[in-house]
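Scroll down for the structure; my scribbles are underneath it.
The values are calculated or read from the model by the stated rules, or taken from the named source; none is laboratory data. This structure is a prediction, so every number in the text was calculated from the model and none was measured. FYI the Cβ positions are ideal-geometry reconstructions off the backbone, even for glycines, and counts take in every protein chain you see.
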Amino acid sequence: MKRNALLALICFLPFSLFAQQQWNLKDCIAYGLKNNRSGIVYENEKRAADAQAKEALADYLPKVSVTGTFDDNLKVQQSIIPAGIFGPEAVKVAFTQKYNTNGVAQLDQTIYDQSLLNGLKANKYNKQQADLNVKKNEETIIYDISNSYYQIYVYREQLRLLRANLETYRKQMDISRLQVKKGVTLQKDLDKVTVNYNNAVSQIRVAESSLTLSENQLKYNMGYPIASALQVDTASSQDINTPALIDPSSNSFSAGNRTDYQLSEINSHLLEIDQQRIKAGAIPKLTGYARYGAVGFGNTLGPAFSDFSPYSAIGLKLTIPLFDFFKRNAQYSQARYKSLNAAENLKLDQGKYQLEYENAKTKIIKAQSNLDNDSRNIELAQSVFRTTNLQFIKGVTDLNDWLNAQYAIKDAQNNYLNSLYSFYQAKLDVEKAAGTLKTFYSSL
C-alpha cells in the first residue's frame, strides 16, 4: 500500500508542479509558439511549398508512359488500290484483321523549354514566402500573447487599487455607523459612504470579470487548455519594468525589417517571373523521345495476344507556337501590369510602414509622459486625502470634502490605469511597426 501511494505521488507530482508554475511573459510566449494551432497550419503551408517546388522540377525530368489498346473491328476497314497497279481494276484490301492489340512504352525528355526554366526560378521565392508566413504568424502570436498578458497586469493593478479604496470606505462606514448611534452625525452621511462602498464593490466585480476574460484570451492565444488553471506572474519585474524613452531624433527604421514588406517583395519577384514565363512561351520547345512497342493481329483472339510484332523509334520533337500570339500577348500584358502595380505597392508600403513607426514612436513617448504624470498624480491625490482625512477626524472639515478627496484618488487611479494600458499597447505597437517583435521576445 505504501509503495502504491508513493508511486501515485511520483506520477502526480509533475502535474502538480505544472499547475503551480508561475508563468512570466517569456514563458507564455514560448508555450504559445509551440502550441498555438495556427503554427501547424503555416508549417503545412511550408511543406506544401516544398511539394510545389518538386512538382515544378518534375516537368523537366524524364516521363515514362505505358499504353495498351485492344480493338475488336466489328467491320474491318478496307482501302482501295487503284487500277493498273495489280490489275486492270481497282482492288479492295484490308490492312488489318478483326482483332488487333498494341502496347507501347514511351520515354519523353524535355531538352529545352524556356518557360519551364523560368518557372523553376519561382521555387526559391515560394519557399521564402512560406518561411516568411511562418515568421509572420510567430510575430502575431507574440503580439497577441503580450497584449493579453499586459491586460491581465492592468486589471490586477485595478483590482489592487479598488480593494484599497473599498477598505477605506469600509473603515469610514464603521466610524460613521458609530457616530450615527451616538447622534454625532446624520444617517445621510452614513448613506453617502455606503453608496460609494457599494459602487466600489460593483467596480471590483466588473474588474474581476474582465480579468477572467483576459486570462481566457491569453490561454487561447497560447493554445493552452481553457479549462486548466494558469498562474500568470505579472508581478515579475523583468516583464513589467518601464523601458527608457525612445529617442525622438533616432532614424533607425527600415521597412525591410517588416515581414509584411518582405512578403510584398517576394510577391513582386514572383510576378516578374510569371511575366518572363509567359514571354518565354513564344520560344520553340525541344523534346526528345524513345518509343518501344509491339502490335498483334488476328481474326481470332489467340493470335492477337500471342503473335506480336515489335517496333521501336527514337526522335526529336520541335514545337514552334505560331498562332497563339494574341492570347499570349494579352496574358503578358496582364502579368506586366500586375508586376508594375506590385512595384508601386512596395513604394506605398514603405511610406505606410514609415508612417506607422513614426506614429507608434510618438504614441509611446506621449504614453510614457502621461504614465509618469498620472503616477505622480496618484501620490499627490493620496497626500491630499491624508490631510483631508486628518482634518475630518479633528472636525475641521466635513464629509463632503472627505468624499471629494477620495473621489480625486479614484479619478487619478483611473487615469493612471488608462495610461498604463496605453503605454503597454504603444510599446507593442512600436515593436510591431519596427519589425522587432521577435527581438523583443528574445530580450525578455
Please enumerate the residues belonging to region 359-381 that are of a type in the set (D, E, K, R) and either over 45 Å from the mean Cα position of the chain (by Cα) or closer than 20 Å to ALA412 by Cβ (or both). LYS366, ASP372, ASP374, ARG376, GLU379
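Let me confirm something: among LEU61, LEU57, LEU13, which residue is in a loop (DSSP other than H, G, I, E, B), at pLDDT below 90 and over 21 Å from the mean Cα position of the chain (by Cα)? Steps first, answer last, please.
Details: LEU57 fails: in a loop (DSSP other than H, G, I, E, B); LEU13 fails: in a loop (DSSP other than H, G, I, E, B).
Step by step, each of LEU61, LEU57, LEU13 is checked, and only LEU61 is in a loop (DSSP other than H, G, I, E, B), at pLDDT below 90 and over 21 Å from the mean Cα position of the chain (by Cα).
Based on this model, can you work out whether LYS438 counts as assigned to a helix (DSSP H, G or I), touching a residue at least 24 places away in the same chain (Cβ under 8 Å) and either of a type in the set (Asp, Glu) or under 30 Å from LEU186 (Cα atoms) (or both)?
Numbers: assigned to a helix (DSSP H, G or I): yes; touching a residue at least 24 places away in the same chain (Cβ under 8 Å): yes; either of a type in the set (Asp, Glu) or under 30 Å from LEU186 (Cα atoms) (or both): no.
Against the criterion (assigned to a helix (DSSP H, G or I), touching a residue at least 24 places away in the same chain (Cβ under 8 Å) and either of a type in the set (Asp, Glu) or under 30 Å from LEU186 (Cα atoms) (or both)), LYS438 does not qualify.
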Subset of region 98-120 (residues that are more than 11 Å from ALA280 (Cβ to Cβ) and hydrophobic (A, V, I, L, M, F, W, C)): VAL104, ALA105, LEU107, ILE111, LEU120
Go through region 82-105 and give me each residue that's modelled with pLDDT under 80, part of a strand (DSSP E or B) and aliphatic (A, V, I, L, M). VAL91, VAL93
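Based on what the data block shows, is GLY296 surrounded by 18 or more Cβ atoms within 10 Å (Cβ to Cβ) and either closer than 30 Å to ASN133 by Cβ or touching a Ser or Thr at 6+ places or on another chain (Cβ under 9 Å) (or both)?
yes
Do you know which of the residues in region 382-416 that are within 45 Å of the chain's Cα centre (by Cα) and surrounded by 19 or more Cβ atoms within 10 Å (Cβ to Cβ) is nearest to THR168 (Cα to Cα)? Outline the logic, then answer.
Of the residues in region 382-416, the ones within 45 Å of the chain's Cα centre (by Cα) are 407-416.
From what's left, surrounded by 19 or more Cβ atoms within 10 Å (Cβ to Cβ): 409, 412-413, 416.
Numbers: ILE409: 11, ALA412: 16, GLN413: 15, TYR416: 19 Å.
Step by step, filter region 382-416, then rank; the result is ILE409.
Take region 179-190 and flag every residue that is assigned to a helix (DSSP H, G or I) and surrounded by 12 or more Cβ atoms within 10 Å (Cβ to Cβ). Working first, answer last.
Taking region 179-190 and keeping what is assigned to a helix (DSSP H, G or I), we get 179-182, 187-190.
Once the filter is applied, which keeps residues that are assigned to a helix (DSSP H, G or I) and surrounded by 12 or more Cβ atoms within 10 Å (Cβ to Cβ), region 179-190 yields GLN179, VAL180, ASP189, LEU190.
Given the criteria in contact (Cβ under 8 Å) with a residue 40 or more places away in the chain and within 25 Å of LEU211 (Cβ to Cβ), does LEU166 qualify? Can you show your working first?
Details: in contact (Cβ under 8 Å) with a residue 40 or more places away in the chain: no; within 25 Å of LEU211 (Cβ to Cβ): yes.
So LEU166 fails the test.
Just give me the residues in region 145-168 being of a type in the set (A, V, I, L, M) and either under 14 Å from GLN406 (Cβ atoms) or modelled with pLDDT under 90 (or both), in sequence order. Reasoning before the result, please.
As a first pass, look at region 145-168 and keep what is of a type in the set (A, V, I, L, M): 145, 152, 154, 159, 161-162, 164, 166.
LEU161, LEU162, ALA164, LEU166 - these are the residues of region 145-168 that are of a type in the set (A, V, I, L, M) and either under 14 Å from GLN406 (Cβ atoms) or modelled with pLDDT under 90 (or both).
Out of region 64-78, which residues are part of a loop (DSSP other than H, G, I, E, B) and either of a type in the set (Gly, Ala, Ser) or in contact (Cβ under 8 Å) with a residue 40 or more places away in the chain (or both)? I'd like the intermediate steps shown before the answer.
Residues of region 64-78 that are part of a loop (DSSP other than H, G, I, E, B), as a first pass: 73-78.
Within region 64-78, none qualify.
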